[in-house]
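Structure, as structure tokens:
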Amino acid sequence: FSVAVAGRATVEMFNILGQRVSTLFNENAEPGRYYNLQVDGANMASGVYFYTLRSTGRLDTRKMMLLK
């Protein structure tokens, strides 16, 4: 992911019930830089999850499928 404005960015994963299962990123992020994240699904069940990116002036939520 990347951000347009410098500041705190958070990427969190939620299960289908809306419970937070993981915080993947919670740091200051700089514009013009791309951040790569890896999900360790070893302790997670296969299924649908949602991830949310929050940063200055931005809130994106996307769906993902975890298959084992």
Quiz item: Out of all the residues in the stretch 21-29, is one or more at negative phi, touching a residue at least 40 places away in the same chain (Cβ under 8 Å) and part of a strand (DSSP E or B)?
Solution: no
Quiz item: Where residues in the stretch 37-68 are in contact with a Phe, Trp or Tyr (Cβ under 8 Å, 6 or more places away or on another chain) and open to solvent by less than 40 Å² (accessible area, probe 1.4 Å), which of them is farthest from Asn15 (Cα to Cα)?
Solution: Leu53
Practice problem: Starting from the stretch 1-20, keep only residues that are in contact (Cβ under 8 Å) with a residue 40 or more places away in the chain and outside any strand (DSSP E or B), then list their pairs with residues that are among the small types (Gly, Ala, Ser) and surrounded by 14 or more Cβ atoms within 10 Å (Cβ to Cβ) whose Cβ atoms are within a distance under 6 Å, requiring at least 6 positions of separation or different chains. | Solution: Val3/Ala9; Val3/Ala29; Val3/Ser55
Exercise. Taking the options Phe25, Phe14, name whichever one is farther than 15 Å from Phe1 by Cα, open to solvent by less than 50 Å² (accessible area, probe 1.4 Å) and of a type in the set (Phe, Trp, Tyr).
Key: Phe14
Quiz item: What are the residue pairs meeting all of these: first residue in the stretch 49-68, first residue without any contact (Cβ under 8 Å) to a residue 40 or more places away in the chain, second residue open to solvent by 90 Å² or more (accessible area, probe 1.4 Å) and assigned to a strand (DSSP E or B), Cβ atoms under 9 Å, and 6 or more apart or on different chains?
Solution: Tyr49/Lys63; Tyr49/Met65; Phe50/Arg62; Phe50/Lys63; Asp60/Arg54
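The values are calculated or read from the model by the stated rules, or taken from the named source; none is laboratory data. Keep in mind that this is a model prediction, so the values were computed, not measured. A quick note on method: Cβ atoms are made from the backbone with ideal geometry, for glycine too, and the neighbour counts reach across all protein chains shown. Each accessible area value is taken on the protein alone, full model and side chains, heavy atoms only, with ligands, DNA and RNA left out. Shrake-Rupley method; radii C 1.70, N 1.55, O 1.52, S 1.80 Å.
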